[in-house]
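Here is the structure we will look at.
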Amino acid sequence: MHEIDIKIFYAINHLPHNAATDFLFKIFDYTTTLGIGWIVLFIILFATIKKQRKNLLIISGTVLTTWVVELIIKVLVQRPRPSAILNDVIVVSKYFLDYSFPSGQTTVAFAAAITIAMVYGKKWFVYLVFIFAVLVSFSRIFLGAHYLTDVVAGIMVGSVVPVLVFKIFKLKSALR
């Protein structure tokens, strides 16, 4: 499995890099680093959409819970990033932590997408958030930060934890 993971990593990481592709995927990197893009989005929505504040708090709390779970897994597993152990890795951005499993940005992106889908249902912005989450996930490998298994684990944690949070706390959307 590790051999396949490395082959897939190189296949994606060695796709053509140029100023345009690096800039595009750095946007996903910078807007999701430490959840900053999500925090800014939720603050803007919280300030502008007063009747949705309960839903925004549910989304924020669920995403924050998922992020904490991801950090715990990352510290327990302590998998080094590809650039720390592989040769010829194209690294486009620097990273805060040395560990790669699971991908934190992927985890948070999918936690936000799943939670928004559970709270708001099938609306156009739900689809946009899922597209964004997929692009964030792809960018993690393209930019040299994660293996495919890191990203898949991030998708799983980011999808399962919000569902469990909703079931444990019996959360329901204020809209439904």
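All of the numbers you see were taken from the coordinates with simple rules; none came from a lab. Just so it is clear, the model here is predicted, and its values are computed rather than measured. Heads up, the Cβs are rebuilt from the backbone with ideal geometry, glycines too, and the neighbour counts pull from every protein chain shown.
Figures for the structure shown
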| quantity | calculated |
| --- | --- |
| Estimated FRET transfer efficiency when R0 is 22 angstrom, pair Arg53-Tyr127 (beta carbons, to 0.05) | 0.40 |
| For the range 2-169, Kirkwood radius (reciprocal of mean inverse C-alpha pair distance, Å) | 16.3 Å |
| Between helix 53-77 and the chain: long-axis angle, C-alpha atoms, 0 to 90°, nearest 10 | 30 degrees |
| Crossing angle, helix 124-142 versus the chain [Cα axis fit, 0-90 degrees, rounded to tens] | 20 degrees |
| Label point distance in nm, Asp22-Ile43, each placed 7 Å from Cα along Cα→Cβ | 3.0 nm |
| Sites Leu15 and Val75, calculated FRET efficiency, Cβ-Cβ separation with R0 30 Å, nearest 0.05 | 0.45 |
| Charge-dipole axis of the range 2-169 as Lys and Arg at +1 and Asp and Glu at -1 on Cβ define it, positive-most pick from Ile12, Leu76, Thr31 | Thr31 |
| For the range 63-125, size of Cβ-based charge dipole, Lys and Arg +1, Asp and Glu -1, in debye | 200 debye |
| Charge dipole magnitude, Cβ of K and R +1, D and E -1 - the chain, Cα centre, debye nearest 20 | 1140 debye |
| Among His2, Ile141, Leu128 - extreme Cα towards positive end, dipole of the range 1-147, charges at beta-carbon | Leu128 |
| The chain: angle of helix 148-169 to the longest principal axis, Cα-based, in degrees nearest 10 | 20 degrees |
